[in-house]
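Engineer: Here you go, one structure.
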Amino acid sequence: MNTPLKLRKINLVLLIIFTILQSNCKKEKKIEFPSTVTDIDGNIYHTVLINEQVWMVENLKTIHFQNGDSIPNVVDDTLWSKLTTPAYCDFSNNSALSQVSGRLYNHSVTVDGRKICPPGWHIPNSNEWGLLSGFLGGGNFAGGKMKETGTAHWRIPNFNATNESGFTAVSSGMRNSAGHFQQYGTSANWHVYNPSTEMVGCRLIYNDSESLNVTGWNEGVGFSIRCIMD
């Protein structure tokens, strides 16, 4: 065999081997994301990468939409129960609690075109919550992996809380459609983005369970908002 032909065959074999090796190598997807994000009011939120999703580590506290328009703070129970427009509140109308657990918002806030999450972020939909839950072992176990450990922000027993995901869920309670506050210390409730229904979707964790529950409520309830990166 002449040398040029031999070299061509060797090069062809090497090319085939390289191609096979390259196709078998799984390249890890590198996701670039900021360590913190700031809302329009100057509140700073930390971030965490969970699987291929980037989440805020804290619940929203802002009282303005992206364009600077104010979101009304509705204190009165009866007025809250009759609202069909955006509103927020502090749990038990105590602003100090919002520094830890974030504020509660009604459904109208979540579907308003002015948007409440910072630019580049949004309210997670059902599929995005489902991906998070699935990655953490499914709804029966995901909640424990999302809850902050200890009882500083959860009532005893804070069952199976490991926070191995870094999500760092704290109890934020809720405001029901009658305007009454409830479950602070025992539950965390987050809005699910869904503009096409009057039934408000929610993801819910309890202090005495390790589940991440899927629930639906009548429009008018007040839940926390946890943003996810676009």
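Engineer: Which is touching a residue at least 40 places away in the same chain (Cβ under 8 Å) and over 14 Å from the mean Cα position of the chain (by Cα), of Ile40, Ile44?
Structural biologist: So the residue among Ile40, Ile44 that is touching a residue at least 40 places away in the same chain (Cβ under 8 Å) and over 14 Å from the mean Cα position of the chain (by Cα) is Ile40.
Engineer: Scan the stretch 34-81 residue by residue and report those that are within 22 Å of Val221 (Cα to Cα), among the polar types (S, T, N, Q) and either exposed (fewer than 15 other Cβ atoms within 10 Å of the Cβ) or in contact with a helix residue (DSSP H, G or I) (Cβ under 9 Å, 6 or more places away or on another chain) (or both).
Structural biologist: If the condition is that a residue be within 22 Å of Val221 (Cα to Cα), among the polar types (S, T, N, Q) and either exposed (fewer than 15 other Cβ atoms within 10 Å of the Cβ) or in contact with a helix residue (DSSP H, G or I) (Cβ under 9 Å, 6 or more places away or on another chain) (or both), then Asn59, Ser70, Asn73, Thr78 are the ones that fit.
Engineer: Looking at Ser98, Ser92, which one is surrounded by 16 or more Cβ atoms within 10 Å (Cβ to Cβ) and modelled with pLDDT of 95 or more?
Structural biologist: Exactly one of Ser98, Ser92 is surrounded by 16 or more Cβ atoms within 10 Å (Cβ to Cβ) and modelled with pLDDT of 95 or more, namely Ser98.
Engineer: Looking at (1) on the phi > 0 side of the Ramachandran plot; (2) buried (at least 18 other Cβ atoms within 10 Å of the Cβ), find the lone condition where Ala161 falls short.
Structural biologist: Result: Ala161 fails condition (1) only.
Engineer: Related question: For the stretch 176-193, how many residues meet the condition of being part of a loop (DSSP other than H, G, I, E, B) and either farther than 17 Å from Gly144 by Cα or in contact with a helix residue (DSSP H, G or I) (Cβ under 6 Å, 6 or more places away or on another chain) (or both)?
Structural biologist: The number of residues fulfilling the criteria is 8.
Engineer: Just wondering, is there one or more residues in the stretch 108-131 that are without any contact (Cβ under 8 Å) to a residue 24 or more places away in the chain and within 14 Å of Met174 (Cα to Cα)?
Structural biologist: So far as the stretch 108-131 goes, no, none of its residues is without any contact (Cβ under 8 Å) to a residue 24 or more places away in the chain and within 14 Å of Met174 (Cα to Cα).
Engineer: If you check Ser224 against the conditions, is it in contact with a His (Cβ under 9 Å, 6 or more places away or on another chain), at pLDDT 95 or above and under 13 Å from Asn106 (Cα atoms)?
Structural biologist: Yes: the conditions hold for Ser224.
Engineer: Right, something else. Out of all the residues in the stretch 106-163, which are under 30 Å from Asp76 (Cβ atoms), β-branched (Val, Ile, Thr) and touching a Pro at 6+ places or on another chain (Cβ under 9 Å)?
Structural biologist: Val109, Thr110, Val111, Ile116
Engineer: On to the next question. Quick test for you: out of Gly150, Gly113, Gly179, pick the one residue that is out of contact with any Gly (no Cβ under 6 Å at 6 or more places or on another chain) and closer than 24 Å to Leu212 by Cβ.
Structural biologist: The unique qualifying residue is Gly150.
The values are calculated or read from the model by the stated rules, or taken from the named source; none is laboratory data. Since the structure is predicted, the reported quantities are computational estimates derived from the model, not experimental observations. Positions of Cβ are backbone-derived with ideal geometry, glycine not excepted, and every protein chain shown enters the neighbour counts.
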